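**Student:** Before I ask anything, let me first share the structure, which is written out below as C-alpha cells.
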Amino acid sequence: MSNDQTPNVPAERDRREAVREKAQQVKARQARLRILRRSAIGVGAIAVVAVGAVAVTYALSSNGSRPQALPSAASDDGFLVSSATGIADPLATQTVDGDASTLAAGATATPDATPTPSPTTTAAPVDIRVYVDYLSTEAREFQVANAEQLSKWVDEDAATLTYYPVAMLTSKSNGTKYSLRAAGASACVATHASDRFFAFNHELLTNQPAVDSEGYSDQQLADMAQGAGVSDVDTVRSCIEDETYTGWAKAATDRAIKSLPDTKGLALTTLPTVLVNGTPYVGHMDDPKEFAQFVLTIDSNAYYSTATPTPTPTPSTTPAG
C-alpha cells in the first residue's frame, strides 16, 4: 500500500494568494476610508470658513449698507439761518483785567459811538457763509464779536447767513469725538427746530468747552438744545442722543476739506472760514468793525457791478424848416 507524502503545492499557493488578495482589499478599503474622512474634514472646514465669511460679510454689509441719515434742512451741507432772534446780548459780558465779568442786572452797556451800518438793501442781500468747528477758539471769537450785527443784518434782510458745522478737531476731545457730536447735534436742531438753530449754534460757540477736554455729553447737548427753546424737545433730544447725524457730519467735513461749494477751487483749511459773496475774510475774527467794513466793501462792489446804468437820452432830430 502506497503512501503519498508529496504536499499539495498548488492548493497551498492558492491559499496564500487568496490571503494576500484579501489583505490588499482590506488595505484598499482602509485607504479609501481615510481619503473619505480627510475629504469630509476638508469640506467641513471649508463650510465653516464659508459660513464665517458670510457672517462677516453680512455684518459689514449691514453696517455699510445702512443708509446715512441726511438732515433735510441742509443745503450743500450748510444751514440757512431763518431766525436770528433769541440769543443773549453779546455785550452782556465784558473782559476786565483778563477775566470775564458779567454786568450787574439792569446795567446798560455803553453803545458804540460809531454804530456799524448795514449792507445796502437796494441790491441782493450779501451772502455770508461761516464754517465752524465747535471746538475752534477763533470760531468762538468770531461769533462773540459778530453775533449782534449778524443778527441785525439777517433781520433786516440785508444778508443771508449760513453756518456749516464741521468736525476738523474731532481728535482734540480725549476720545469723545466732541466736534463730531456737536456738529451732529446742530444738524438735529436745524432739522427739527430751524427757528432755534441760530440760538443753539450761538450757545455751542459762546459756551465752548476747552480744547483737549471731553466736551459736553450727548445728554448735555440735548439739554442745551432744550435751553435754546426748541419746541419739539423729545424729537430733538432723541436725535442728539442717538447721534443721528454724526455720520453726515463726518462726510460733510470730508467734502469741505476737498472743496467748498460755489467757490473757485477753495477748500477748508482754517477755522473758522468765513466767506462773503464767496470771498474769504482774512481779517481779525474778534474785530466786528473790521468784518463789517469787509462786508460793506464786498456788498458795494457787488452793487456797482450789477447796477443798471442810466440810459443815455437819444438826441432828437430837428425837422428841416
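The values are calculated or read from the model by the stated rules, or taken from the named source; none is laboratory data. Just so you know, these numbers come straight off a predicted model, no measurement behind them. Heads up, the Cβs are rebuilt from the backbone with ideal geometry, glycines too, and the neighbour counts pull from every protein chain shown.
**Student:** Does Ile240 meet the test of being under 20 Å from Ala139 (Cα atoms) and either among the aliphatic types (A, V, I, L, M) or at pLDDT below 95 (or both)? Give the steps one after another, and end with the answer.
**Tutor:** Numbers: under 20 Å from Ala139 (Cα atoms): no; either among the aliphatic types (A, V, I, L, M) or at pLDDT below 95 (or both): yes.
Here the answer is no, as Ile240 does not meet what is asked.
**Student:** On to the next question. Check Ala185, Ala225, Ala190 and return the single one that is buried (at least 22 other Cβ atoms within 10 Å of the Cβ), of a type outside the set (Phe, Trp, Tyr), touching a Leu at 6+ places or on another chain (Cβ under 6 Å) and under 23 Å from Leu80 (Cβ atoms). Can you show your working first?
**Tutor:** Numbers: Ala225 fails: touching a Leu at 6+ places or on another chain (Cβ under 6 Å); Ala190 fails: touching a Leu at 6+ places or on another chain (Cβ under 6 Å).
Criteria check complete, one pass: Ala185.
**Student:** Since Glu148 meets every condition but one in (1) in contact with a Pro (Cβ under 6 Å, 6 or more places away or on another chain); (2) under 17 Å from Val276 (Cβ atoms); (3) assigned to a helix (DSSP H, G or I), which condition does it not meet?
**Tutor:** So the condition that Glu148 fails would be (2).
**Student:** From (1) at pLDDT 95 or above; (2) over 16 Å from Thr160 (Cβ atoms), pick out the condition that doesn't hold for Lys264.
**Tutor:** If we test Lys264 against (1) at pLDDT 95 or above; (2) over 16 Å from Thr160 (Cβ atoms), just (1) comes out false.
**Student:** Considering the stretch 172-213 alone, what residues qualify as being assigned to a loop (DSSP other than H, G, I, E, B) and touching a Phe, Trp or Tyr at 6+ places or on another chain (Cβ under 7 Å)? Working first, answer last.
**Tutor:** First, pick out the residues of the stretch 172-213 that are assigned to a loop (DSSP other than H, G, I, E, B): 172-177, 193, 207-213.
Gln208, Pro209, listed by residue number.
**Student:** The conditions are (1) in contact (Cβ under 8 Å) with a residue 60 or more places away in the chain; (2) over 20 Å from Ile87 (Cβ atoms); (3) among the small types (Gly, Ala, Ser), and Ser238 fails exactly one of them. Which is it?
**Tutor:** Failing condition for Ser238: (1).
**Student:** Still on this structure, please answer the following. What's the number of the only condition in (1) within 18 Å of Leu80 (Cα to Cα); (2) hydrophobic (A, V, I, L, M, F, W, C); (3) under 16 Å from the mean Cα position of the chain (by Cα); (4) assigned to a helix (DSSP H, G or I) that Ile257 fails to meet?
**Tutor:** (1)
**Student:** Turning to a different aspect of this structure: Do the conditions hold for Thr263, that is, is it farther than 25 Å from Ser151 by Cα and among the polar types (S, T, N, Q)?
**Tutor:** no
**Student:** In the set Thr235, Thr273, which member is among the hydroxyl-bearing types (Ser, Thr, Tyr), under 16 Å from the mean Cα position of the chain (by Cα), surrounded by 14 or more Cβ atoms within 10 Å (Cβ to Cβ) and within 27 Å of Asp195 (Cα to Cα)?
**Tutor:** Working: Thr235 fails: under 16 Å from the mean Cα position of the chain (by Cα).
Unique residue meeting the criteria: Thr273.
**Student:** Residues to consider are Ala249, Ala292; find the one that is under 16 Å from Ala183 (Cβ atoms), at pLDDT 95 or above and crowded, with 19+ Cβ neighbours inside 10 Å. Before the answer, list the steps.
**Tutor:** On the way: Ala292 fails: under 16 Å from Ala183 (Cβ atoms).
Every option except Ala249 fails the conditions.
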